[in-house]
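First up is the structure itself, then whatever we jot down about it.
The values are calculated or read from the model by the stated rules, or taken from the named source; none is laboratory data. Not measured: the values here are computed from a predicted model. Every residue, glycine as well, gets a Cβ built from its backbone with ideal geometry; the counts of neighbours run over all protein chains shown. Accessible surface areas use protein heavy atoms only, side chains included; no ligands, DNA or RNA. Shrake-Rupley method; radii C 1.70, N 1.55, O 1.52, S 1.80 Å.
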Amino acid sequence: MYEAVVAELNHLDGPDLLAPLVTDLFCGNIALVSSFGAESAVLLHMAASIDRSLPIITLDTGKLFAETIAYRAQLTALLGLTDLRVVKPQADVMRMLDGAGALHRRDPDRCCHIRKVLPLENALTGFKAWISGRKRYHGGLRADVSTLEETDGRLKIDPLARFTRQQIEDYLDRYHLPQHPLLEKGYLSIGCVPCTVKCGSADNPRAGRWSGLSKIECGIHRSPAGAASRNSVSSAS
């Protein structure tokens, strides 16, 4: 469906890629998904420089660090974002499947599925394209991320896929963007409180996510959740 767009723009990165997609090709039909994590300020700044009214979808799993919530408010005000959409899991699904709030201990994939994957799927309804902040240097399943790809009938855009760590740091410095407060405490990648530890390196910044488990992604990107889990959760909602 989007082959022509991919062929035309795949050589572009960063704001050069974002601008025609946000202001022309998908104007009114595109959203940016942000965790307001360790490197989120870069992509958010690029987007705000193009259109501050671009919908920004962020997931509040109910288990975020207080510092992340404060950082979200700080960046939203600083960048003048006018359409921040804080998306939460469905209350009835949470009561049925994680009433005690301990699902992450016995089934982290399913926990991510009901707290992140399902809410995001609902939030993206009606959009033809969405933007994420994956980068190849994060490794794992992200090592070969494309800047543009079609997934689930939408165009998925990763403007920073080919950026290096140094380019990210240089951008933060150039525009004097504030860093996530947990960076100085040793967190290089920041997710939910129970599943994030102080860990990671320049070569593997996501090492502190689900430390000690084989799990390396929450499920938003190529979800690892099993079909049975998906079906049971979907039917519950």
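Tabulated data
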quantity: Hits in the range 16-44 (condition: over 10 Å from the mean Cα position of the chain (by Cα), in contact (Cβ under 8 Å) with a residue 24 or more places away in the chain and not in a helix (DSSP H, G or I)); calculated: PHE26, ASN29, ILE30, ALA31, ALA38, GLU39
quantity: Selection from the range 99-132 of residues that are at pLDDT 95 or above, open to solvent by 20 Å² or more (accessible area, probe 1.4 Å) and among the small types (Gly, Ala, Ser); calculated: ALA123, GLY126
quantity: Helices (runs of 4 or more DSSP H) enclosed by the range 92-167 - at least 1 residues per element that are within 15 Å of the chain's Cα centre (by Cα) and aliphatic (A, V, I, L, M); calculated: 118-123
quantity: Residue match in the range 84-93 (condition: crowded, with 22+ Cβ neighbours inside 10 Å, of a type outside the set (Val, Ile, Thr) and out of contact with any Gly (no Cβ under 8 Å at 6 or more places or on another chain)); calculated: no
quantity: Qualifying residues in the range 138-177 (those that are free of Cβ contacts under 8 Å to residues at least 40 places away in the same chain and hydroxyl-bearing (Ser, Thr, Tyr)) - the one nearest to ASP16 (Cα to Cα); calculated: THR164
quantity: Selection from the range 57-72 of residues that are more than 11 Å from GLY37 (Cβ to Cβ), more than 13 Å from the chain's Cα centre (by Cα) and modelled with pLDDT of 95 or more; calculated: ALA66, ILE69, ALA70
quantity: Filtered residue count, the range 70-91, keeping only those that are outside any strand (DSSP E or B), touching a residue at least 24 places away in the same chain (Cβ under 8 Å) and under 26 Å from PRO181 (Cα atoms); calculated: 13
quantity: Qualifying residue in the range 164-178 (condition: at pLDDT 60 or above, open to solvent by 50 Å² or more (accessible area, probe 1.4 Å) and of a type in the set (A, V, I, L, M)); calculated: no
quantity: Residue check for ARG52: open to solvent by 50 Å² or more (accessible area, probe 1.4 Å) and of a type outside the set (A, V, I, L, M); calculated: yes
quantity: Restricting the range 136-163 to residues that are open to solvent by 20 Å² or more (accessible area, probe 1.4 Å) and of a type in the set (S, T, N, Q), the residue that is modelled with the highest pLDDT; calculated: SER146
quantity: Given (1) out of contact with any Leu (no Cβ under 6 Å at 6 or more places or on another chain); (2) at negative phi, number of the condition HIS176 does not satisfy; calculated: (2)
